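To start, the structure itself, in structure tokens.
Please treat every number below as a calculation from the coordinates, not as lab data. If you're wondering where the values come from, they're calculated on a predicted model, not measured in any experiment. Note that we place each Cβ from the backbone using ideal geometry, even for glycine, and neighbour counts take in every protein chain shown.
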Amino acid sequence: MQDQSKRCSASSVKSVAYSLGFDLVGIAPVGPFPETVFYPKWLESGYAGEMKYLERQKTAKLEPQSILPGARSVIVCAMNYNSAQPLTQYDRMKAWISRYAWGEDYHDTVTAKLRELADWIEQNAPHRTKAYVDTGPLIERIYAKYGGVGWFGKNTCIINQKVGSWLFLGCILTDLELPYDTPVPDRCGSCTRCIDACPTGAIIEPYILDSRKCIAYTTIELRGDIPEEEREGIGHHLFGCDICQDVCPWNRKAPHASIDAFEPKAGLFWPAIDGLLDLNEEGWRSLIRGTAVKRAKIKGLLRNLMVVAGNSGVAGFLPGLRRFLTHDDASVRSHAQWAIKQLEKL
């Protein structure tokens, strides 16, 4: 048993993680942390919007022992998804999809690698593991901070001094006791570029995000109608938003991803609006299959597309928009009506 534990030292765990393609690895205690005190207050303030699952997962997020009794360590793995493609581009004929969603669905890619690491730990030591990527009941960013992977940016993203913030995070909760890494200092300093650049004022103060104002939340998580007063602020964003990361100085020299899985799938990088208006149901299924874009569902994407077209100022989109006045989804129809009114004002 002792020999098995030696094979699962912190250095060996990290070595295996790097061999699997992770760019950063850190080890954190299970808590509690000061940030876990803030989290319930953030929820109570309504900043999570309609993401009710966050409230349902609150106990597990604050008490990892409820997920895995006897948990001692959290292994945090980060994978860089940056691409050689340019940062957010503006062209009134085109829509923008967030960088993280261009390639394979990170839930699948990162989870597969994380489970390989978890399986290796269980095979080489008499200890249990639970692995989570984004959708699980762990606040990955907190463990990333205390595992030395990076610091909390003012835009609430984890930032690493060498890699930047284009990172997918995954955590392995385990009852294997490992030495913890040291948190890195906050290097945002007096910079407020992310706060100043946010087109909808979603970063209401440093380190605090009101999801209800965030373009990513509105275009991905929000179901039903987008409030009319918020539609103009969405601009050309079809799915997600990268602006607060685009302007971050720590991303100026961010390296590109070392694996091809996150390279853009055909049709997802800066797509033409008219081409999207012409897509039928099967075309949409094919476009988003195997990517994180499917999170918004086709009806949600069509709703967003109506807003993007309405914000474009291109009257040439009117014929394509009018076809959606008879769509079977009421939200798509109402957003098409709004978009047509916007363009008919020109």
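For a 4.7 Å threshold on C-beta separation, the list of partnerless cysteines in the chain reads Cys8, Cys77, Cys157, Cys171, Cys188, Cys191, Cys198, Cys214, Cys241, Cys248. Which residue fluctuates most in the GNM of the chain (Cα springs below 10 Å): Trp151, Trp42, Trp270? Highest fluctuation of the listed residues: Trp42. When only alpha carbons of segment 225-269 are considered, Rg and Dmax amount to 14.7, 41 Å. Quick check on segment 57-211: take the gyration tensor over C-alpha atoms, sort the square-rooted eigenvalues as a ≥ b ≥ c, and tell me if it's rounded (a/c under 1.5), prolate or oblate. The shape class here is prolate.
Against the main long axis of the alpha-carbon atoms of the chain, helix 330-344 sits at an angle near 60°.
Add -39500 (n - 2.57) for each DSSP H run of 4 or more in the chain, then divide by its residues: what number comes out at 222 nm, to the nearest 500 deg cm²/dmol?
Numbers: 15 runs with 129 residues, N = 346.
Taking each H run of at least 4 residues, the total per residue is -10500 deg cm²/dmol.
Only Cα sites of segment 193-346 enter the Debye sum here, all with the same form factor; the resulting log10 I(q)/I(0) across q = 0.11, 0.13, 0.16 1/Å is -0.47, -0.65, -0.95, listed in q order.
Please give the length that would be gained between Thr192 and Arg285 if that part of the chain were fully extended, namely 0.36 nm times their separation in residues minus their C-alpha to C-alpha distance (nm, one decimal). Numbers along the way, then the final one.
On the way: separation 93, 0.36 × 93 = 33.48 nm, distance 3.91 nm.
Between Thr192 and Arg285, full extension yields an extra 29.6 nm.
Which angle between 0 and 90 degrees, to the nearest 10, do you get for helix 297-312 versus the longest principal axis of the chain when only C-alpha atoms count? With rounding to tens, the tilt is 50 degrees.
Once the chain from Gln65 to Asp225 is taken as fully extended at 0.36 nm per residue, the excess over their C-alpha distance is 53.7 nm.
In this model, which of Lys213/Lys299; Lys14/Lys154; Lys113/Lys297; Lys265/Lys294 are farther than 18 Å apart at the alpha-carbon? List each step's numbers first, then the result.
Details: Lys213/Lys299 21 Å; Lys14/Lys154 28 Å; Lys113/Lys297 26 Å; Lys265/Lys294 13 Å.
Distance filter (> 18 Å) returns Lys213/Lys299; Lys14/Lys154; Lys113/Lys297.
So how many Å³ per residue does the convex hull of the Cα atoms of segment 173-242 work out to? Could you put the intermediate results ahead of the total?
Numbers: hull volume 10.0 nm³, N = 70.
Dividing the Cα hull volume of segment 173-242 by its residue count gives 142 Å³.
Residues in segment 214-225 carry Karplus couplings, in order, of 7, 4, 4, 4, 4, 8, 10, 8, 5, 9, x, 7 Hz; the curve used is 6.51 cos²θ - 1.76 cosθ + 1.60 with θ = phi - 60°, and Gly or Pro positions show x. Taking Leu20, Leu169, Leu321 as the candidate residues, the one with maximal mean-square fluctuation in a Gaussian network model of the chain, Cα springs under 10 Å, is Leu20.
Angle of helix 10-19 to the longest C-alpha principal axis of the chain, folded into 0 to 90 degrees and rounded to 10: 40°. In whole Å, how far is the Cα centre of segment 186-263 from that of segment 16-33? One Cα centre to the other: 25 Å.
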